[in-house]
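Novice: Could you have a look at this structure, given as structure tokens, before my questions?
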Amino acid sequence: MKKIGLVFNGVWSHYAMATAPKYRDFYELVYIHDLTFGALRHLGALVIPFQSHQAELARRKEHLYQFLAEGGKIAVFGDSTPLWLEAQWEDRPVDNFWWVTDPSKPPVSHTDHHHPVYAGLAPRHACWHIHGVYTRIPAEAEIIQKNGDGEVITWQTRQYGGVLFGSTLDPVVEHGVQQIRHLDHYVDSLTAWLCGVRPEGAFSLDPAVYGVDRMDCMDDGGGVKKEEPCPKTAAS
Amino acid sequence: MIQALVVSNGIGGAAFYQSNAEIHYDVAEVTADFDPDLTPYDLLVVPNGSDHVAMLKIRDKVRAFLETGKTVMCFDGWFTNWLPGNRWIHDNTRPTKDVRHFIRTDRHQLLEGVDLRKFDHEKHGMSGWWACGRIECPEAADVVLADTWQRPLVVLDEVTTPGLMFLTASGPLGDFTFYGDPDGIPRLYRNALRLVANRLSGPSSDSRSNSTSQLQPA
């Protein structure tokens with residue numbers, strides 16, 4: 001199994017998910033400031049989560065498109081910028097309390113459940129809340145999810161070689177935060193689609209990876225290595 | 001006027017810290033060579049959603065900043081060990097919906113005018129929305145707020161260094177005045193800034209009651 005790279009903005013929710021015992025054998029943190037094609041070459045797929053550094057992604061777009069051109073899968077969540085995607089994301093108010101009034105009606109009205117990520121998911125497992133919409137998507141993209149106003153939430157295209165998947169959902173951040181406790185369904189399906197193996201068991205956290213004195217991508221002097229990619233970022 | 005530096009990793013968190021008559025903010029953008037000069041500042045703010053790989057790179061500089069009596073505020077889950085004497089630990093063993101907030105020690109009146117019911121339940125009635133995990137802090141530090149299971153959620157540490165650390169277990173704090181919420185999150189943040197201003201104007205102006213409240217529900 002080739003691991004899945006998780007583009008890492010140094011944010012705790014990204015770290016929490018990638019270091020959780022259930023997922024740490026599947027995901028490998030790729031610190032955004034170390035992201036080169038060389039750092040991605042050994043990976044089968046890449047997840048760019050919500051709360052990513054969009055300006056730094058734009059500076060590194062050629063590495064992302066090279067990864068796609070060589071057949072990789074990239075899944076982009078949350079917001080994005082046309083500086084590196086041929087798509088237009090727009091902000092919308094976040095409705096994360098819809099379930100208080102009607103738990104049967106999440107803020108997505110259409111989902112293509114033929115897509116492997118969404119196959120078998122209940123409506124509330126396929127959408128917990130959204131961070132904006134796409135008002136423009138790549139020319140050959142297909143729409144996977146729309147909201148009640150017909151705006152695009154999730155799309156996918158193969159026009160760059162591999163598969164580029166975009167969604168305004170935020171599964172990595174929310175699963176890491178653990179305030180929503182039913183996201184295993186989505187994240188497990190996403191993981192299986194990206195690497196071919198489905199994680200099993202309950203989500204737990206390892207206290208030993210909190211309060212770490214160094215990261216594997218840092219040298220002994222405390223600086224991030226410049227010459228080498230960050231092959232694994234976890235507790236030392 | 002307080003001179004403050006806010007770290008930013010490109011997700012917009014610095015927008016919640018706007019300069020006014022009492023405080024001036026500069027922004028330190030995280031780059032591959034992140035190494036900000038902290039010496040001109042009284043206060044370092046690390047907002048919710050910050051880059052703790054970058055903060056680990058400058059932890060010696062942060063320690064030196066605190067040794068000169070200055071203030072660090074971190075409103076995030078610092079999974080790397082860059083804050084001296086304090087550790088944040090993520091923990092999902094308790095359901096967040098059951099989290100309530102309890103006052104432990106508030107010698108500096110940080111909770112003056114703060115309605116803690118707004119921390120217990122946000123405006124749509126959801127609970128467990130604010131903080132995550134817990135803080136392990138020195139025994140002599142002030143636990144300002146604890147959760148339902150008495151785990152520290154807000155800590156004021158004046159004992160580890162000559163400086164001041166004001167920390168939340170990832171509970172966002174800032175000048176969120178656009179929420180029109182005068183007795184919620186913005187009030188706690190403004191009270192903390194008042195403490196910083198008092199420290200800058202000298203120890204005699206910082207009226208400390210030295211009273212430690214008994215554990216009481218919010």
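Nothing in this text is a laboratory measurement; each read-out follows from the coordinates by a stated rule. Keep in mind it's a predicted model, so treat the numbers as computed, not measured. All Cβ positions, even for glycine, are placed from backbone atoms using ideal geometry, and neighbour counts span all protein chains on display.
Novice: Find the centroid of the Cα atoms in the stretch A:96-148 and in the stretch B:30-58, then give the distance between the two in whole Å.
Specialist: Between the Cα centre of the stretch A:96-148 and that of the stretch B:30-58, the gap is 36 Å.
Novice: Spelling out what I want: for every residue of the stretch B:89-100, take phi, set θ = phi - 60°, compute 6.51 cos²θ - 1.76 cosθ + 1.60 (Karplus), and round to whole Hz; glycine and proline get x.
Specialist: 10, 6, 7, 10, 6, 10, x, 4, 5, 8, 6, 10
Novice: Let me ask another. What shape does chain B have by the C-alpha gyration tensor, where a ≥ b ≥ c are the square roots of the eigenvalues, rounded means a/c under 1.5, and otherwise prolate means a/b greater than b/c and oblate the rest? Mind dumping the intermediate values first?
Specialist: Working: a/c = 1.36, a/b = 1.23, b/c = 1.11.
In terms of gyration-tensor shape, rounded.
Novice: Here's something else I'd like to know. If one takes the longest principal axis of the Cα atoms in chain A, at what angle in degrees, from 0 to 90 and to the nearest 10, does the Cα axis of helix A:184-195 lie?
Specialist: Computed tilt is about 60 degrees.
Novice: Here's something else I'd like to know. Take every DSSP beta bridge with both residues inside chain B and express the antiparallel ones as a percent of the total, to the nearest 5.
Specialist: Details: 16 of 34 bridges.
Antiparallel: roughly 45 percent of the beta bridges in chain B.
Novice: Using the Cα centre of chain B as the reference point, and only Cβ charges (+1 on K/R, -1 on D/E), how large is the resulting charge dipole? Debye, rounded to the nearest 20. Write out the running numbers ahead of the final one.
Specialist: Values: 21 positive and 28 negative charges, 103 e Å.
Dipole magnitude for chain B comes out near 500 debye.
Novice: Taking only C-alpha pairs under 8 Å that are 6+ residues apart, what is the relative contact order of chain B in percent?
Specialist: Values: 460 pairs, mean separation 46.4, N = 218.
The value is 21 percent.
Novice: Alpha carbon centre of the stretch B:87-126 versus the stretch A:11-56: separation in Å?
Specialist: If we compute the Cα centre of each part, the gap is 31 Å.
Novice: If we count other beta carbons within 10 Å of each Cβ, what is the order of B:132, A:195, fewest first? Numbers along the way, then the final one.
Specialist: Values: B:132 27, A:195 19.
So the residues, fewest neighbours to most, are A:195, B:132.
Novice: Within the stretch A:62-119, report the GluC sites (Glu not before Pro) that DSSP leaves as loop and that have at most 15 other Cβ atoms within 10 Å. Could you put the intermediate results ahead of the total?
Specialist: Values: sites: A:62, A:70, A:86, A:90; in loops: A:70, A:86.
Of the GluC sites (Glu not before Pro), the ones in loops of the stretch A:62-119 whose Cβ has at most 15 other Cβ atoms within 10 Å are A:70, A:86.
Novice: Turning to a different aspect of this structure: Can you tell me, using C-alpha contacts under 8 Å and at least 6 residues apart, the relative contact order of the stretch A:85-131 as a whole percent?
Specialist: On the way: 38 pairs, mean separation 20.2, N = 47.
Rounded, it is 43 percent for the stretch A:85-131.
Novice: Given contacts defined as C-alpha pairs under 8 Å and at least six residues apart, what's the relative contact order of the stretch B:50-113, whole-number percent? All intermediate terms of the calculation are to be shown ahead of the outcome.
Specialist: Working: 29 pairs, mean separation 18.5, N = 64.
Here the relative contact order equals 29 percent.
Novice: Select from A:26, A:94, A:155 the residue farthest towards the positive end of the dipole of the protein assembly as shown; place +1 on Cβ of Lys and Arg, -1 on Cβ of Asp and Glu, and compute about the Cα centre.
Specialist: The one lying farthest along the dipole's positive direction is A:26.
Novice: How large is ³J(HN,Hα), in whole Hz, for each residue of the stretch B:38-50 in order, when computed from phi with the Karplus curve 6.51 cos²θ - 1.76 cosθ + 1.60 and θ = phi - 60°, using x for Gly and Pro?
Specialist: Taking θ as phi minus 60°, the curve returns 8, 4, x, 10, 8, 9, 10, 10, 10, x, 4, x, 8 Hz for the stretch B:38-50.
Novice: Mark the label point 7 Å from the Cα of residue A:204 along Cα→Cβ and return the residues of the stretch B:88-106 whose backbone N is within less than 19 Å of it.
Specialist: Counting only backbone N, you get B:89-96.
Novice: Once you have the Cα-Cα distance between residue B:140 and residue B:29, take 0.36 nm times their residue separation minus that, and quote the gain in nm to one decimal.
Specialist: 36.6 nm
Novice: Now for a separate question. Mind giving me the FRET efficiency for residue A:70 and residue A:97? R0 is 35 Å, r the Cβ-Cβ distance, nearest 0.05 is fine.
Specialist: Details: r = 42 Å, r/R0 = 1.21.
Computed FRET efficiency for residue A:70 and residue A:97 comes out at 0.25.
Novice: Skipping prolines and chain starts, which residues have an amide H placed within reach, meaning under 5 Å, of the one on residue A:28, given they are 5 or more residues away or on another chain?
Specialist: Residues meeting the amide H criterion: A:4, A:5, A:6.
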